[in-house]
Amino acid sequence: MTEINKTPYAHDAPPPPPTRPLEGLYTADVTLVGAGFSGTIAALELARRGLSVALLEAGEIGRGGSGRNHGQCIPVFNYLDPAELPPAGFALLRDSGRMVFDMIEELGIDCAPVQKGWLNAAHSPAGLARAQAAHAKYAAYGKADRFLDPAEVEELSGIPGYLGGWVHRDGGHLNPLAYVRGLASAAKEAGVRIFTQTPLIGITRSAQGRWLLRTPHGEITSRKVGLTTNAYGTQVIPARLRKSIVPITSYAVASERLTKAQRAAVLPSGVNFSDTRRDPMFFRVDTEGRIITGGLVEPRRGRLTEHTFEGFTKRLTDLYPVLEGLQWTHHWSGTVGISARQRPAIFELEDGLWGLVGYSGRGVPTSAALGRAFAETLRDPDEGAKLWPSESPARIVAGRAIGLAVQGFRGTINKVRDRLES
């Protein structure tokens with residue numbers, strides 16, 4: 001049976017920590033709004049530094065983008081540049097993939113983590129040049145070994161015909177719902193007061209300079225507030241933050257569990273896989289033996305379930321004939337936030353009111369780095385700037401229309417570019 005707008009993650013994830021809605025009056029040094037990857041990591045870091053922290057979530061833990069993630073940790077970023085970032089921030093982002101799995105081990109999070117690396121395979125001569133350039137960059141940062149020849153790519157992926165490739169050793173995958181629930185459990189154990197089913201309905205500043213956050217059945221006052229809703233902010237979130245990103249709808253699909261023979265053929269090394277096509281081809285096999293893949297919603301692919309399933313069955317069967325007749329069980333979507341500079345951004349909206357947005361589809365590794373940077377900024381803005389400088393929100397006019405235009409034309413344009421490169 002196909003489950004629409006549902007992920008398979010809940011079938012395998014441990015339950016979230018016990019929480020309840022906010023009722024009554026509370027005070028905290030810092031209140032965070034949005035209990036996804038960033039909110040839970042920032043809350044945990046602040047509590048470890050001795051601050052009293054409240055964390056508000058409009059639904060349940062993992063309801064938003066974090067629990068709907070593709071579950072891939074791909075620590076590869078166009079903006080990873082030592083000339084653009086402070087040294088400490090560069091190192092934080094460079095090591096973000098390793099940090100994810102170190103944190104999982106440290107906190108004992110049961111989220112099916114697999115860190116066998118991320119394989120980028122070159123499908124054409126032009127793709128080979130791009131892969132070689134990316135490899136040179138990350139090899140210089142100590143994150144990749146030598147460039148792979150076609151036989152080595154086939155050994156890792158089970159796919160013949162690629163021209164070469166490379167592996168980012170810190171890449172991997174996990175159950176994102178289990179991961180965010182585990183982060184929330186760790187934050188709660190550290191003393192964070194987590195309130196779920198608690199939508200924010202108002203935020204104002206008092207004459208004494210404290211922030212008052214109103215919810216349907218209670219209020220919290222705080223010296224500082226961190227907004228970590230990213231692309232899931234409601235109208236209560238200041239427009240300066242909401243309009244600083246372009247929201248784009250992403251989708252994912254999950255297959256039935258592979259047979260023993262199929263599992264032996266598909267990504268036998270356990271790596272995450274992407275190739276260099278402009279029309280992205282990326283997928284992973286989770287620990288339950290399901291293929292999980294997806295992309296940005298297009299006019300048909302990602303929007304029409306049967307069309308999407310048929311397309312991925314064909315694409316994957318072309319790579320692995322053993323997958324002939326592959327069936328799909330889940331199709332869901334989420335919202336990605338793209339900032340004006342296409343990199344995560346920390347904004348000070350008003351004195352003591354901060355926002356963090358714009359992961360551009362790299363939520364697992366970037367949240368590990370930016371969650372820490374955001375916590376440090378909320379604790380001490382000068383120290384936080386040494387990790388990730390804050391900036392003024394860019395007002396993106398007609399951001400939603402831009403997102404729809406990207407989704408409407410990007411797929412077609414990329415398919416044409418791939419044909420021209422072949």
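Scan the stretch 249-257 and tell me whether some residue there is part of a loop (DSSP other than H, G, I, E, B), in the same structural domain as residue 314 (by TED's automatic domain parsing) and modelled with pLDDT of 95 or more. Full working, then the answer.
Let us first name the residues in the stretch 249-257 that are part of a loop (DSSP other than H, G, I, E, B), namely 256-257.
Right, trim to in the same structural domain as residue 314 (by TED's automatic domain parsing) and you get 256-257.
Next, from what is left, pick out any that are modelled with pLDDT of 95 or more: 256-257.
Checked against the condition, which is being part of a loop (DSSP other than H, G, I, E, B), in the same structural domain as residue 314 (by TED's automatic domain parsing) and modelled with pLDDT of 95 or more, the stretch 249-257 yields at least one hit.
Tell me yes or no: at least one residue of the stretch 72-90 is on the phi > 0 side of the Ramachandran plot and either surrounded by fewer than 24 Cβ atoms within 10 Å (Cβ to Cβ) or not hydrophobic (A, V, I, L, M, F, W, C) (or both). Reasoning before the result, please.
The first filter runs over the stretch 72-90 and keeps only residues on the phi > 0 side of the Ramachandran plot, leaving none.
So far as the stretch 72-90 goes, no, none of its residues is on the phi > 0 side of the Ramachandran plot and either surrounded by fewer than 24 Cβ atoms within 10 Å (Cβ to Cβ) or not hydrophobic (A, V, I, L, M, F, W, C) (or both).
Could you list all residues from the stretch 211-237 that are aliphatic (A, V, I, L, M) and touching a residue at least 24 places away in the same chain (Cβ under 8 Å)?
Step one: list which residues in the stretch 211-237 are aliphatic (A, V, I, L, M), which gives 212-213, 220, 225, 227, 231, 236-237.
The answer is 213, 220, 225, 227, 231, 236, 237.
Any residue in the stretch 367-375 that is at pLDDT 95 or above and closer than 25 Å to residue 402 by Cβ?
Going residue by residue through the stretch 367-375, those that are at pLDDT 95 or above are 367-375.
The next check asks that each one be closer than 25 Å to residue 402 by Cβ; those that pass are 367, 370.
Yes: one or more hits.
Pairs only if they're at least six apart or on different chains, beta carbon under 6 angstrom, first in the stretch 108-128 and within 21 Å of residue 270 (Cβ to Cβ), second among the β-branched types (Val, Ile, Thr) and outside any loop (DSSP other than H, G, I, E, B); list them, first residue then second.
From residues that are within 21 Å of residue 270 (Cβ to Cβ), the pairs are 113/104; 117/167; 119/167; 121/153.
Determine, yes or no, whether residue 276 is without any contact (Cβ under 8 Å) to a residue 12 or more places away in the chain and touching a strand residue (DSSP E or B) at 6+ places or on another chain (Cβ under 9 Å). It would help to see each step written out before you state the result.
Values: without any contact (Cβ under 8 Å) to a residue 12 or more places away in the chain: no; touching a strand residue (DSSP E or B) at 6+ places or on another chain (Cβ under 9 Å): yes.
In short, no.
So in the stretch 1-33, with the set limited to residues that are assigned to a strand (DSSP E or B) and of a type in the set (Val, Ile, Thr), which one is farthest from residue 226 (Cα to Cα)? Give the derivation first.
Initially, the stretch 1-33 is screened for residues assigned to a strand (DSSP E or B), giving 3-4, 20, 24-33.
Applying the additional criterion that residues be of a type in the set (Val, Ile, Thr) yields 4, 27, 30-31, 33.
Numbers: 4: 33, 27: 15, 30: 7, 31: 6, 33: 6 Å.
Filtering first and then ranking leaves 4.
Quick grid of which residues meet (1) closer than 28 Å to residue 417 by Cβ; (2) in a loop (DSSP other than H, G, I, E, B):
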position: 61; (1), (2): no, yes
position: 76; (1), (2): yes, yes
position: 82; (1), (2): no, yes
position: 91; (1), (2): no, no
position: 120; (1), (2): yes, no
position: 126; (1), (2): yes, no
position: 131; (1), (2): yes, no
position: 138; (1), (2): yes, no
position: 155; (1), (2): no, no
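For the stretch 258-282, what are the residues that are in contact with a Lys or Arg (Cβ under 9 Å, 6 or more places away or on another chain) and outside any loop (DSSP other than H, G, I, E, B)?
Within the stretch 258-282, 263, 272, 273 qualify.
Just to be sure before I move on: is residue 50 farther than 26 Å from residue 241 by Cα, in the same structural domain as residue 353 (by TED's automatic domain parsing) and free of Cβ contacts under 8 Å to residues at least 24 places away in the same chain in the structure I sent?
Details: farther than 26 Å from residue 241 by Cα: yes; in the same structural domain as residue 353 (by TED's automatic domain parsing): yes; free of Cβ contacts under 8 Å to residues at least 24 places away in the same chain: yes.
Considered against the rule, which asks whether it is farther than 26 Å from residue 241 by Cα, in the same structural domain as residue 353 (by TED's automatic domain parsing) and free of Cβ contacts under 8 Å to residues at least 24 places away in the same chain, residue 50 comes out as yes.
List the residue pairs whose Cβ atoms are under 6 Å apart, where the first residue sits in the stretch 143-170 and is over 23 Å from residue 365 (Cα atoms), the second is acidic (Asp, Glu) and surrounded by fewer than 17 Cβ atoms within 10 Å (Cβ to Cβ), and the two are 6 or more positions apart or on different chains.
Pairs that qualify, where the first residue is over 23 Å from residue 365 (Cα atoms) and the partner is acidic (Asp, Glu) and surrounded by fewer than 17 Cβ atoms within 10 Å (Cβ to Cβ), are 160/154; 164/149.
Just a yes or no: is a residue in the stretch 288-298 charged (D, E, K, R), closer than 25 Å to residue 415 by Cα and either surrounded by 18 or more Cβ atoms within 10 Å (Cβ to Cβ) or assigned by TED's automatic domain parsing to the domain that holds residue 182 (or both)? So that I can check it myself, show each step before the final result.
Residues of the stretch 288-298 charged (D, E, K, R): 288, 290, 298.
Add one more test, that the residue is closer than 25 Å to residue 415 by Cα, and what stays is 298.
Narrowing further to those that are either surrounded by 18 or more Cβ atoms within 10 Å (Cβ to Cβ) or assigned by TED's automatic domain parsing to the domain that holds residue 182 (or both): 298.
Within the stretch 288-298, one or more residues are charged (D, E, K, R), closer than 25 Å to residue 415 by Cα and either surrounded by 18 or more Cβ atoms within 10 Å (Cβ to Cβ) or assigned by TED's automatic domain parsing to the domain that holds residue 182 (or both).
Return a yes/no flag: does the stretch 337-345 have any residue that is assigned by TED's automatic domain parsing to the domain that holds residue 290, of a type in the set (D, E, K, R) and out of contact with any strand residue (DSSP E or B) (no Cβ under 9 Å at 6 or more places or on another chain).
no
Among the residues in the stretch 355-364, are any out of contact with any Cys (no Cβ under 9 Å at 6 or more places or on another chain) and farther than 30 Å from residue 299 by Cβ?
The answer is yes, given that some residue of the stretch 355-364 is out of contact with any Cys (no Cβ under 9 Å at 6 or more places or on another chain) and farther than 30 Å from residue 299 by Cβ.
For residue 165, indicate whether it is outside the structural domain of residue 292 (by TED's automatic domain parsing), buried (at least 24 other Cβ atoms within 10 Å of the Cβ) and not hydrophobic (A, V, I, L, M, F, W, C).
Answer is no for this residue.
Go through (1) free of Cβ contacts under 8 Å to residues at least 12 places away in the same chain; (2) in the same structural domain as residue 61 (by TED's automatic domain parsing); (3) of a type outside the set (A, V, I, L, M); (4) not in a loop (DSSP other than H, G, I, E, B) and name the single condition residue 208 misses.
All conditions pass for residue 208, except number (4).
The values are calculated or read from the model by the stated rules, or taken from the named source; none is laboratory data. Note that the structure is predicted; figures quoted are calculated from it, not measured. FYI the Cβ positions are ideal-geometry reconstructions off the backbone, even for glycines, and counts take in every protein chain you see.
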